[in-house]
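The values are calculated or read from the model by the stated rules, or taken from the named source; none is laboratory data. A quick note: this is a predicted structure, and the numbers were derived from the prediction, not measured. FYI the Cβ positions are ideal-geometry reconstructions off the backbone, even for glycines, and counts take in every protein chain you see. All accessible areas refer to the heavy atoms of the entire protein, side chains included, with ligands and DNA or RNA removed. Shrake-Rupley method; radii C 1.70, N 1.55, O 1.52, S 1.80 Å.
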Amino acid sequence: MAENTPYPLRSLSLGLLKSAQQSLAPTPRSFNHPLVRCWFGLTLLYSTIIAVLIWDSIAGNPYALADDARQHVFWMLRFTDPALFANDWIADYYQSVSPIGYSWLYRLGALVGLSPLLLCKLLPPVLIVLTAGITFFTVLELSALPAAGFAASALLTQSVEYTGTVASGTSKAFVYGLMLLFIYGWLRKSLIWSWSTIALQGAFYPQTVLLTAGLLVLGLVERRQGRWRLSPDRQLWWLTGGGLIIATLVILYYALSTSQFGPTMTAAEALTMPEFFRGGRTNFFQTTWLDALLYGRGGLRLDTAMTPVTNLLGLLLPLMIRWPRRFPLAPSIRPEIDLLPKLVVTAVFWFVAAHALLFKLYLPSRYTGRFLLIVFVLAGGIATVVLIDALLRGAIALLQPTATGRGSRRSGLASLPAALAGALALLVVLYPLTMPGYPSTSMVRGNAPELYTFLATTPKESLVASLSVETSNIPSFSQRAVLLSSEIAIPYHVGYYEEIRQRAKALITAQYSADPQVVTAFIERYGVTHWLLEATAFDIRILNRDRWVQQYQPEAGDATTILASGQPPLLQTLGDRCVTFQTAQHTVLDARCIVTAIAPDRRLTRWPKILAPNWPPAPQNPPDAHV
């Protein structure tokens, strides 16, 4: 705005700036206020747009699914057809580790006709909008600033879709909404709201209960007039006492549950296994102390909390609270904002405890990254509005007429704070447009539809053995059981992973063996009905580069030696005799044909139902979920 700006134009600019600044004003914490309804409407609109983007990226392709759903959702197809994955060790394991509320949600969905794979895609858009709404009202309780509620919701909506957490449709998709729901109930001192949320946390994502318990304890400590003291609020004590009782019951429920797949892997055992190091299936132990502290499954995951970078605005909030004269909206922030640093303390406590009790509390990063993200977006949303308000006030002050007349030189300076305020607002709202590939949904898209279609036509009792990467997709896209795959080879429970490791070693040995007895014994032992081979299955270079297969020694090394010797494995010598399906990339062999071809006189003592009608017994209903 130049010095000789016409008065009507300056007056118009002044009016627009005042209107913008007034829209950021604090309000009563009531939905009846027009500003609250307006900003809440914008929150729903913005989150709906992001939800539509998510839906557009995951819908329409029947062979597209969230990465983690290949572990945690496929087994729920049992709800729609109990004959699927009957007596399947892998499906039983993932059912056992599924939180009870999460599995029952999918069970109820199946009762009303929703396939688990469809519900997995429907949940993310719904959760995005619901989480945004919860964030809005939580910030309103913290600051009485509805505009800050919108800003925080926008930041969180953007953040969760950089990591694909909500888009997974798995139990972790509920983390943000359930933690924010508890914070909202705690701020309102609502017993029923808080207690019921703790129960929901236990039902959908139990680790959240540990952080909630820490918040309940720290929430009793408050700082007033420069001194720390226990809160005299009796309602808060009732809320805390009841909440801790519920949290204890939830923790005991999971801690005392027995499982055939335990015990949990110890740190000493993990240190001896390549699976936990770089290149392994579960890369936990990092090569440098900085990587170990910040990144990966054992790190603080500050990268999650600071993505997108606009979340860093939250670091300004403590300074704004200390300088209320420069930031006039700062006094609107309630003292209960100290709940955010308490959440940081709680997260770090459980992070340390998870390292000390590795892996009994699962992964340390599960207690930091996502919860620190909540802290950053809540603080960042409030700080953004407080800063924009201060900039607008500065611009308005510079535009106000002075005793020297309407052409004051100060009006030219008003452009800077006004432009900064506008740029900051646009940055918060439009930041995703600057990032390629947004939203990041961690979707896996199957590249072998013909293969999936063929396997889906085989009997439901089929069992596929393969070292191919496509084996990870078969349970979800073909609804058929596999002997093992890299996706499900998670080594956190000894009882489960020991069986997986034995299967992997046996499969590697059989696939590269030239001995008919080894191959037939393997088929008989596991009841394999189909053997899937990649076109490069017997390429020594590909085998040596397969990090997952190379974990299993000495079998993988022996396979390399066999290929290097020039002696063809038995399966390679079969030619087209047992091929039931073939493309340029994949070949499926019939297991019965293999046995007949290489050992025609061998009498098998164990064979799948599709080949021997009296084995196994008729499938039973899947067992109830347990942990």
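Of all residues in segment 264-272, none satisfies being β-branched (Val, Ile, Thr) and at pLDDT 95 or above.
Might you check whether a residue that is surrounded by 19 or more Cβ atoms within 10 Å (Cβ to Cβ) and part of a helix (DSSP H, G or I) occurs anywhere in segment 528-545? Break it down into steps so the answer makes sense when it comes.
Pass one, segment 528-545, residues surrounded by 19 or more Cβ atoms within 10 Å (Cβ to Cβ): 528-533, 537, 543.
If we keep only those that are part of a helix (DSSP H, G or I) too, we end up with 543.
Yes: one or more hits.
Answer yes or no as to whether residue 506 is small (Gly, Ala, Ser), surrounded by fewer than 21 Cβ atoms within 10 Å (Cβ to Cβ) and assigned to a helix (DSSP H, G or I). So residue 506 fits the description; yes.
To keep it simple, each residue is scored yes or no on (1) at pLDDT below 95; (2) open to solvent by 10 Å² or more (accessible area, probe 1.4 Å).
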{"site": "38", "(1), (2)": "no, yes"}
{"site": "45", "(1), (2)": "no, yes"}
{"site": "53", "(1), (2)": "yes, yes"}
{"site": "57", "(1), (2)": "yes, yes"}
{"site": "62", "(1), (2)": "yes, yes"}
{"site": "70", "(1), (2)": "yes, yes"}
{"site": "75", "(1), (2)": "no, no"}
{"site": "85", "(1), (2)": "no, no"}
{"site": "91", "(1), (2)": "no, no"}
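Taking the criterion of being open to solvent by 40 Å² or more (accessible area, probe 1.4 Å) and farther than 20 Å from residue 546 by Cα, the residues of segment 567-578 that qualify are 567, 573, 575, 576, 577. Filtering segment 227-247 to residues that are open to solvent by 50 Å² or more (accessible area, probe 1.4 Å) and either free of Cβ contacts under 8 Å to residues at least 12 places away in the same chain or basic (Lys, Arg) (or both) leaves 227, 228, 229, 230, 232, 234, 245. Across segment 263-286, not a single residue is classified as of a type in the set (Ser, Thr, Tyr), crowded, with 18+ Cβ neighbours inside 10 Å and closer than 30 Å to residue 380 by Cα.
Give the residue, chosen from 216, 181, 200, that is more than 29 Å from residue 94 (Cα to Cα) and buried (at least 16 other Cβ atoms within 10 Å of the Cβ).
Numbers: 181 fails: more than 29 Å from residue 94 (Cα to Cα); 200 fails: more than 29 Å from residue 94 (Cα to Cα).
When all the criteria are applied, what remains is 216.
Please state which of the following conditions residue 471 fails to meet, knowing it meets all the rest: (1) surrounded by fewer than 22 Cβ atoms within 10 Å (Cβ to Cβ); (2) at pLDDT 95 or above; (3) not in a helix (DSSP H, G or I). Every condition holds for residue 471 apart from (3).
State whether one or more residues within segment 33-53 are touching an Asp or Glu at 6+ places or on another chain (Cβ under 9 Å), touching a residue at least 40 places away in the same chain (Cβ under 8 Å) and not basic (Lys, Arg). Give the steps one after another, and end with the answer.
Kept after step one, since they are touching an Asp or Glu at 6+ places or on another chain (Cβ under 9 Å), are these residues of segment 33-53: 50, 53.
Now drop any that are not touching a residue at least 40 places away in the same chain (Cβ under 8 Å), which leaves 50, 53.
From the residues that got through so far, the ones that are not basic (Lys, Arg) too are 50, 53.
Scanning segment 33-53 turns up at least one residue that is touching an Asp or Glu at 6+ places or on another chain (Cβ under 9 Å), touching a residue at least 40 places away in the same chain (Cβ under 8 Å) and not basic (Lys, Arg).
Anything in segment 184-197 that is surrounded by fewer than 24 Cβ atoms within 10 Å (Cβ to Cβ), without any contact (Cβ under 8 Å) to a residue 60 or more places away in the chain and in contact with a helix residue (DSSP H, G or I) (Cβ under 7 Å, 6 or more places away or on another chain)? List them, or say none.
Result: 184, 185, 188, 189, 191, 193, 195.
On the given criteria, is residue 523 among the hydrophobic types (A, V, I, L, M, F, W, C), under 29 Å from residue 453 (Cβ atoms), without any contact (Cβ under 8 Å) to a residue 60 or more places away in the chain and open to solvent by less than 10 Å² (accessible area, probe 1.4 Å)? Against the criterion (among the hydrophobic types (A, V, I, L, M, F, W, C), under 29 Å from residue 453 (Cβ atoms), without any contact (Cβ under 8 Å) to a residue 60 or more places away in the chain and open to solvent by less than 10 Å² (accessible area, probe 1.4 Å)), residue 523 does not qualify. Only one of the listed residues (112, 175) is over 21 Å from residue 329 (Cα atoms) and open to solvent by 10 Å² or more (accessible area, probe 1.4 Å). That residue is 112.
Taking the conditions exactly as written (under 30 Å from residue 429 (Cα atoms), among the acidic types (Asp, Glu), surrounded by 14 or more Cβ atoms within 10 Å (Cβ to Cβ) and in contact (Cβ under 8 Å) with a residue 24 or more places away in the chain), does residue 336 satisfy them or not? Considered against the rule, which asks whether it is under 30 Å from residue 429 (Cα atoms), among the acidic types (Asp, Glu), surrounded by 14 or more Cβ atoms within 10 Å (Cβ to Cβ) and in contact (Cβ under 8 Å) with a residue 24 or more places away in the chain, residue 336 comes out as yes. Restricting the first member to segment 294-322 and to residues that are farther than 27 Å from residue 280 by Cβ, and the second to residues that are part of a loop (DSSP other than H, G, I, E, B) and open to solvent by less than 50 Å² (accessible area, probe 1.4 Å), the beta-carbon pairs closer than 6 Å and six or more apart or on different chains are 320/327.
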